[in-house]
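Below is one structure; the comments refer to it alone.
The values are calculated or read from the model by the stated rules, or taken from the named source; none is laboratory data. Just so you know, these numbers come straight off a predicted model, no measurement behind them. Heads up, the Cβs are rebuilt from the backbone with ideal geometry, glycines too, and the neighbour counts pull from every protein chain shown. When the accessible area is computed, the model is the full protein with side chains, heavy atoms only, and any ligands, DNA or RNA have been set aside. Shrake-Rupley method; radii C 1.70, N 1.55, O 1.52, S 1.80 Å.
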Amino acid sequence: MEENKENTQGFKTVKNPNTYKEIYKPEKTKSNFSFGRNILLPFFSGIIGCSVVIGTCFGVPSIREKLINNTTTITTENSNNFENNGYVSQTSLQNYSDTSVYAANKILPSIVGIKVEYNVNSLISMFGNRGQTSTATATGSGIIISADGYILTNNHIVSTSSSESYYQVSEATKLTVTLFNDENEYEAKIIGTDEQTDLAVIKIEKDGLSKAEFADSDSIKVGEFAMAVGNPLGMQSSITCGVVSAINRDVTDSDGKQYNLIQTDAAINSGNSGGALVNSEGKVIGINTLKLSGTGIEGMGFAIPINSTTDITSQLIQYSKVKRPYIGISGMDLDEKTAKNYNLAIGIYIKSVDDFSAGEKAGLKIGDVIIEVDGQKVTKMDELNKIKNEHQIGDEMKIKINRNGQEKELTVTLGEQP
């Protein structure tokens, strides 16, 4: 249609009385051509007009700056800020490279490789007799948290024991640490472990170590730079880069333990556990601890937020364990459907109460349904434990229960978890 319009410029539409169809017939035009008027005058007028426009634009500072510094130029300024027009400043690859180099140089001296030796007992040999004992090794990573040799790592690295039908793996029999740019191996001892948070502290006898610097993991943002540093597959001082993919991600591991973690797409491999996840300043924001693997899964690693480790770490150093408040009950979550089937209230059904526990002393009984804790409605044990863990040993908690259709409030004085 556009071609028809262009081809019919200078034509007028008339009706053919014989066919009543629209046809195009050229208008009569006079031949009055002048080279000066038709060619030279428009040419010079265009040159003068362009000169005026360009001169005016370069005379206005803001226009001149936009013309010279157009959007094809890659700026090297901080890309975290938004410009007034709503667009994000671009960052050169050189800046990204410099960021990675700086972060790596800052954190690498504070990351160690950990080698753990275990005894493996073969319970049944291929001939049906009792098997033999052999030694197995595993590797992991750790973060130096003091100049005098304290190292933070994962519990599952240094305190692993398991038993299967055909073999039994002992607790760690020997622990050695390798430092950055140091070929020596330093024997380490376990200071304290905590299975619930999967954290552990070990120590080597050496001074003058490079202590890692911690960032505020509560202030990290989705999309910001993240670098995973550790000892994957025994390859000392390896780094991988990515971003923070998510924060406050609830993850359940293969043993059914639940964690609230930082998610990242920085590659995390076997042996990275216990190593650091750091920001663009080389400051630790998390401890690499889990990854998802399998067909169709890529770039899903998880780290324990560093802010959640500080109190645990200090208790492990001071007490060799974590002192937690304790009620002394086990419970089952009751959703609406289950509660209706058994004619119970929605909440947490108490399945057992430990002898001499805080719960027993407060009057909690098997069959009670906990419906509120400290004025907050609860339907899951995780919710109860979260509220409980915000208290200290010796604090009082108000627990409202439904017992045989009647509501009752009890006061529990929290004890210490055995």
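For region 363-418, name all the residues that are of a type in the set (Val, Ile, Thr) and in contact with a Pro (Cβ under 7 Å, 6 or more places away or on another chain).
Once the filter is applied, which keeps residues that are of a type in the set (Val, Ile, Thr) and in contact with a Pro (Cβ under 7 Å, 6 or more places away or on another chain), region 363-418 yields only Ile393.
Within region 253-308, restricting attention to residues that are among the aliphatic types (A, V, I, L, M), in contact (Cβ under 8 Å) with a residue 40 or more places away in the chain and farther than 17 Å from Gly142 by Cα, which residue is surrounded by the most Cβ atoms within 10 Å (Cβ to Cβ)? Step through it out loud before you land on a result.
Applying the first criterion (among the aliphatic types (A, V, I, L, M)) to region 253-308 yields 261-262, 266-268, 276-278, 284-285, 287, 290, 292, 297, 300, 303-304, 306.
Checking the rest, the ones that are also in contact (Cβ under 8 Å) with a residue 40 or more places away in the chain come to 261-262, 266, 268, 276-278, 284-285, 287, 300, 303-304, 306.
Restricting the remaining residues to those that are farther than 17 Å from Gly142 by Cα gives 261-262, 266, 300.
Values: Leu261: 23, Ile262: 26, Ala266: 23, Met300: 18.
For region 253-308, the residue satisfying everything is Ile262.
Mind counting the residues in region 149-180 that are of a type in the set (Gly, Ala, Ser), assigned to a loop (DSSP other than H, G, I, E, B) and at pLDDT below 95? Talk me through it step by step, then tell me what you get.
Taking region 149-180 as the starting set, the residues that turn out to be of a type in the set (Gly, Ala, Ser) are 149, 159, 161-163, 165, 170, 172.
Imposing the further condition that a residue be assigned to a loop (DSSP other than H, G, I, E, B) reduces the set to 149, 159, 161, 165, 170, 172.
From what's left, at pLDDT below 95: 159, 161, 165, 170, 172.
The total comes to 5.
Considering only residues that are of a type in the set (Gly, Ala, Ser) and assigned to a strand (DSSP E or B), look in region 341-359 and name the one that is nearest to Gly394 (Cα to Cα). Explain how you work it out, then say what you get.
Step one: list which residues in region 341-359 are of a type in the set (Gly, Ala, Ser), which gives 345, 347, 352, 357-359.
Then keep just the ones that are assigned to a strand (DSSP E or B); that gives 347, 352.
Working: Gly347: 25, Ser352: 22 Å.
The extreme case among them is Ser352.
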Within region 353-382, the residues that are under 16 Å from Asp333 (Cα atoms) and touching a Ser or Thr at 6+ places or on another chain (Cβ under 7 Å) are Ile366
Taking region 181-236 and keeping only residues that are assigned to a loop (DSSP other than H, G, I, E, B), open to solvent by less than 40 Å² (accessible area, probe 1.4 Å) and of a type in the set (A, V, I, L, M), one is left with Leu209, Ala212, Ala215, Ile220
Ala267 fails exactly one of (1) assigned to a strand (DSSP E or B); (2) under 17 Å from Pro232 (Cβ atoms), namely (1)
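Could you look through region 363-399, keep only residues that are part of a strand (DSSP E or B) and open to solvent by less than 50 Å² (accessible area, probe 1.4 Å), and pick out the one that is nearest to Tyr349 (Cα to Cα)? First the steps, then the outcome.
In the first step, residues of region 363-399 are kept if they are part of a strand (DSSP E or B); the result is 369-373, 376-377, 396-399.
Keeping just the survivors that are open to solvent by less than 50 Å² (accessible area, probe 1.4 Å) gives 369-373, 397, 399.
Working: Val369: 4, Ile370: 7, Ile371: 9, Glu372: 12, Val373: 14, Met397: 18, Ile399: 13 Å.
Going through the qualifying residues, I end up with Val369.
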So, first residue within 15 Å of Pro418 (Cα to Cα) and touching a residue at least 60 places away in the same chain (Cβ under 8 Å) in region 313-332, second residue among the charged types (D, E, K, R) and assigned to a helix (DSSP H, G or I), Cβ within less than 7 Å, six or more apart or across chains; the pairs are Pro325/Lys388; Ile327/Lys388; Gly328/Glu360
Given the conditions (1) among the polar types (S, T, N, Q); (2) in a loop (DSSP other than H, G, I, E, B); (3) over 25 Å from the mean Cα position of the chain (by Cα), every one holds for Thr338 apart from (2)
Open item on the list: Just to be sure before I move on: is Val244 buried (at least 20 other Cβ atoms within 10 Å of the Cβ), over 29 Å from Glu187 (Cβ atoms) and under 17 Å from the mean Cα position of the chain (by Cα) in the structure I sent?
Closed with: yes
Item to complete: State yes or no: is Arg403 among the basic types (Lys, Arg) and open to solvent by less than 40 Å² (accessible area, probe 1.4 Å)?
Response: no
The condition from (1) closer than 18 Å to Lys115 by Cβ; (2) more than 19 Å from the chain's Cα centre (by Cα); (3) of a type in the set (A, V, I, L, M, F, W, C) that Val229 misses is numbered (2)
